[in-house]
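Undergrad: What follows is a single structure, and I will ask about it in a moment.
The values are calculated or read from the model by the stated rules, or taken from the named source; none is laboratory data. None of these values were measured; they are calculated from a predicted model. In this analysis, Cβ positions are derived from the backbone assuming ideal geometry, glycine residues included, and neighbour counts consider all displayed protein chains. Quick note on the areas: whole protein, heavy atoms, side chains included, nothing else; ligands and nucleic acids left out. Shrake-Rupley method; radii C 1.70, N 1.55, O 1.52, S 1.80 Å.
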Amino acid sequence: MNHSKKMTSMEFDSIVPVDDLCMAAGLICVSQKRALRHYVFNDGRELTLNTARNEWAMKNPDCYGSASQLVKKLGLTRLTEGDNFGIAFSLVEKLYTERDSIPPTFGYMPISKPTWDFTDTCHPKNPALGRLMTRYGLSMDNVKLHTLEGSMPHVKSQKPERVLAMSVSKDSESFIAFNGKVFRQIGEAGMSTVGQRRRDQICMVYENPLDFLTLMESVIRNDVYPIMARRYHIILNGKRGLAEACEYLKSNPDFLEVRCFMPKNEFGQTAFAAINDAVKGTAIDRSDLFHGFGSLFEKYRPKVPESYRKWEVSQVKKESKVDVSETKNVGQKEMTPKIKKRLSSGVEKSAIIDRKEGGLKL
């Protein structure tokens with residue numbers, strides 16, 4: 001049941017964060033720093049969101065406000081009187097349904113594609129991919145810094161689909177691609193690396209590109225990216241790159257530390273054990289950074305807000321009360337009212353009103 005018609009602007013603002021409204025409306029986050037997130041419209045206009053204040057602002061002309069005011073700015077209102085938030089709220093609910101279905105990690109396609117299948121490569125700019133990364137809490141400045149975008153045939157239809165990809169082994173032309181559902185190997189399998197080797201360097205090891213991008217987003221947002229950029233990063237890309245990573249770490253004992261961010265699943269345990277063995281038991285398990293979650297990606301990606309969860313529960317309770325009331329009204333027999341009448345003898349009798357002929361029947 002859609003209750004959005006009964007919502008006031010104050011109620012809408014108390015349930016829906018401005019950030020989620022931007023994502024639901026299909027805006028793309030280009031960059032973020034601390035509490036500020038910068039979104040861009042298709043026509044190039046920019047909107048800045050302050051997540052700490054839950055407010056937005058735009059220039060030319062200067063305007064600002066809350067989520068309910070942004071609904072009007074985005075043109076997501078109906079002409080029907082009293083239904084100002086129906087369209088916007090349905091988009092937000094769809095976004096939250098998608099969030100609840102996102103797994104901690106994504107699987108890998110067992111069959112790889114030849115490199116010549118990966119065509120029309122460029123820096124990521126496809127709107128659909130931009131919206132996807134935004135919904136994962138990643139900004140496009142970060143995504144563009146580490147990935148490429150290209151076309152490759154869809155598994156079933158063979159129609160070209162746009163995917164994000166990271167290069168595998170700097171000396172080759174192979175890639176690991178992601179289409180929002182699964183990772184796919186393009187060309188030769190292996191690990192991906194980011195950064196230049198330096199003296200007394202810390203090595204960071206991840207299972208998949210999304211965990212790496214998530215951590216990079218976190219350090220960019222907190223303005224400590226220069227420190228992290230000086231480190232060396234290894235991305236396993238699943239089972240295929242684990243053996244290569246172990247051999248690389250064995251032959252490079254000059255790392256100051258090897259820190260691992262493996263997901264909390266069976267492969268994550270296997271991968272950490274193998275890496276720890278390769279570095280003679282000196283690997284550091286940093287899964288404490290995402291305690292209570294299955295992966296770095298799961299911890300830092302946007303969640304369904306508690307304000308919506310509480311609202312949802314309140315609506316269920318309201319509907320339950322309505323259902324109980326309707327059940328009672330339908331199933332309850334009409335009771336004939338009884339009136340107590342005291343006779344002159346002092347004996348109390350029950351008198352029943354005769355609905356058809358009137359009067360009292362003893």
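Undergrad: I'd like the full set of residues that are modelled with pLDDT of 90 or more and outside any loop (DSSP other than H, G, I, E, B), limited to the range 55-72.
TA: First, pick out the residues of the range 55-72 that are modelled with pLDDT of 90 or more: 55-59, 62-71.
Listed by number, the residues that qualify are E55, W56, A57, M58, C63, Y64, G65, A67, S68, Q69, L70, V71.
Undergrad: Quickly run through the range 10-47 and pick out the residues that are surrounded by fewer than 16 Cβ atoms within 10 Å (Cβ to Cβ) and within 16 Å of K73 (Cα to Cα).
TA: If the condition is that a residue be surrounded by fewer than 16 Cβ atoms within 10 Å (Cβ to Cβ) and within 16 Å of K73 (Cα to Cα), then F41, N42, D43, G44, R45, E46 are the ones that fit.
Undergrad: Step by step: first the residues of the range 192-208, then only those that are at negative phi and either open to solvent by 10 Å² or more (accessible area, probe 1.4 Å) or of a type in the set (D, E) (or both), then the one that is farthest from the chain's Cα centre (by Cα). Which residue is that? Let's see the steps before the verdict.
TA: The initial filter retains those residues of the range 192-208 that are at negative phi, namely 192-194, 196-199, 201-208.
Within this subset, residues satisfying the condition of being either open to solvent by 10 Å² or more (accessible area, probe 1.4 Å) or of a type in the set (D, E) (or both) are 193-194, 196-199, 202, 207.
On the way: T193: 26, V194: 25, Q196: 32, R197: 34, R198: 35, R199: 38, I202: 30, E207: 19 Å.
In this case the residue turns out to be R199.
Undergrad: In addition: I need the full set of residues from the range 209-263 which are under 19 Å from G190 (Cβ atoms) and either among the charged types (D, E, K, R) or exposed (fewer than 15 other Cβ atoms within 10 Å of the Cβ) (or both), in order please.
TA: Selection gives D211, K239, R240, E244, E247, K250, S251, N252.
Undergrad: Related question: Write out, first by first residue and then by second, each pair whose Cβ atoms fall under 9 Å of each other, whose residues are 6+ apart or on separate chains, and whose first residue, in the range 110-124, is among the aromatic types (F, W, Y) while the second is in a loop (DSSP other than H, G, I, E, B) and open to solvent by 40 Å² or more (accessible area, probe 1.4 Å).
TA: Close Cβ pairs satisfying both conditions: F118/E173.
Undergrad: Looking at this structure, is K170 touching a residue at least 40 places away in the same chain (Cβ under 8 Å) and part of a loop (DSSP other than H, G, I, E, B)?
TA: Details: touching a residue at least 40 places away in the same chain (Cβ under 8 Å): no; part of a loop (DSSP other than H, G, I, E, B): yes.
No.
Undergrad: Looking at the structure I just gave you, is A57 among the hydrophobic types (A, V, I, L, M, F, W, C), free of Cβ contacts under 8 Å to residues at least 12 places away in the same chain and surrounded by fewer than 17 Cβ atoms within 10 Å (Cβ to Cβ)? Can you show your working first?
TA: Values: among the hydrophobic types (A, V, I, L, M, F, W, C): yes; free of Cβ contacts under 8 Å to residues at least 12 places away in the same chain: yes; surrounded by fewer than 17 Cβ atoms within 10 Å (Cβ to Cβ): yes.
It is true that A57 is among the hydrophobic types (A, V, I, L, M, F, W, C), free of Cβ contacts under 8 Å to residues at least 12 places away in the same chain and surrounded by fewer than 17 Cβ atoms within 10 Å (Cβ to Cβ).
Undergrad: Inside the range 173-221, can you point out the residues that are assigned to a helix (DSSP H, G or I) and not acidic (D, E)?
TA: P209, L210, F212, L213, T214, L215, M216, S218, V219, I220, R221
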